[in-house]
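Notes follow the structure.
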Amino acid sequence: MVTIPELWLSIVLAAAIVWIASAIAWMVLPHHKSDFKELPDEKAAQEVLSKQALQPGQYNIPHMPSRDAMKEPGHRRKFDDGPVGFLTVLPSRVPPMGKSMFLSFIFFFVVSLMVAYVTGRTVSPGAEYMTIFRVAGSVSFLAYGFGSIPSSIWFGRPWSAVIKDLFDSLIYALLTAGAFAGFWPDA
């Protein structure tokens, strides 16, 4: 068994490398540029939504207050007439990049911590590079990638966006696996 303190360098290194890779994936590479679409009349939509005085949160349209509401013909008609969708409302300001970047690093750090826990409990000190790489890579790929799949199943997120997330997750997993395998303690 390898303890988490023995893996501190791998944890911090993996989190930092993945944080940088994530920034490159979202800010430099072109593959996420098509994840969000512009509304046909953004100004009109903004005017209508601003009149609602929406607080930050998640909304759905049409809203179904209970399962029984789906039995009502008038409520079902709202779904048939459309639009049907989900809306996330943020505070009215430029999104705080510094805070989001910090929180994303914390996320990557926590995933690396969990990878260290699982890998440290299943792989012995001095194990072969590829053994460590496979375990750390598998755990990190699951952590980074598979959480986005339900957003397509339940909330209509385009599958193309989830596939791109899975591709990014594979890159993050390979980087994480390399950080752990490269700095694994000797026997």
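The values are calculated or read from the model by the stated rules, or taken from the named source; none is laboratory data. Owing to the predicted nature of the structure, the values given are computational and were not obtained by experimental measurement. All Cβ positions, glycine included, derive from the backbone under ideal geometry; neighbour counts span all protein chains shown.
Just checking, does the range 143-165 include any residue being closer than 30 Å to Ala187 by Cα and either modelled with pLDDT under 95 or in a helix (DSSP H, G or I) (or both)?
Looking for residues that are closer than 30 Å to Ala187 by Cα and either modelled with pLDDT under 95 or in a helix (DSSP H, G or I) (or both), one finds at least one in the range 143-165, hence yes.
I'm trying to understand the selection: among the residues of the range 1-15, which are of a type in the set (A, V, I, L, M, F, W, C) and more than 14 Å from Ser140 (Cβ to Cβ)? First the steps, then the outcome.
Residues of the range 1-15 that are of a type in the set (A, V, I, L, M, F, W, C), as a first pass: 1-2, 4, 7-9, 11-15.
Residues satisfying the conditions are Met1, Val2, Ile4, Trp8, Leu9, Val12.
Output the residues belonging to the range 1-43 that are of a type outside the set (A, V, I, L, M, F, W, C), surrounded by 10 or more Cβ atoms within 10 Å (Cβ to Cβ) and farther than 23 Å from Ser169 by Cβ.
Our first condition is that a residue be of a type outside the set (A, V, I, L, M, F, W, C); within the range 1-43, this holds for 3, 5-6, 10, 22, 30-35, 37-38, 40-43.
Going one step further and asking which of them are surrounded by 10 or more Cβ atoms within 10 Å (Cβ to Cβ), we end up with 3, 6, 10, 22, 31-32, 34-35, 41.
Selection gives Thr3, Glu6, Asp41.
Please go through (1) over 30 Å from Glu47 (Cα atoms); (2) surrounded by 15 or more Cβ atoms within 10 Å (Cβ to Cβ) for Ala161 and return the number of the only condition it doesn't satisfy.
(1)
Quick one: Ile106 ticks every box in (1) in contact (Cβ under 8 Å) with a residue 60 or more places away in the chain; (2) part of a helix (DSSP H, G or I) bar one, so which box is it?
Going through (1) in contact (Cβ under 8 Å) with a residue 60 or more places away in the chain; (2) part of a helix (DSSP H, G or I) one by one, Ile106 breaks only (1).
What's the total number of residues in the range 136-148 that are surrounded by 15 or more Cβ atoms within 10 Å (Cβ to Cβ) and either within 16 Å of Lys164 (Cα to Cα) or in contact (Cβ under 8 Å) with a residue 40 or more places away in the chain (or both)?
Filtering the range 136-148 for residues surrounded by 15 or more Cβ atoms within 10 Å (Cβ to Cβ) gives 136-145, 148.
Filter once more, keeping what is either within 16 Å of Lys164 (Cα to Cα) or in contact (Cβ under 8 Å) with a residue 40 or more places away in the chain (or both): 136-137, 140-145, 148.
Residues meeting the conditions: 9.
Which ones in the range 1-33 are free of Cβ contacts under 8 Å to residues at least 60 places away in the same chain and in a loop (DSSP other than H, G, I, E, B)?
Val28, Leu29, Pro30, Lys33
May I ask you to say which residue of Pro91, Pro65 is in contact (Cβ under 8 Å) with a residue 12 or more places away in the chain, surrounded by fewer than 12 Cβ atoms within 10 Å (Cβ to Cβ) and not in a helix (DSSP H, G or I)?
Result of the check over Pro91, Pro65: Pro91.
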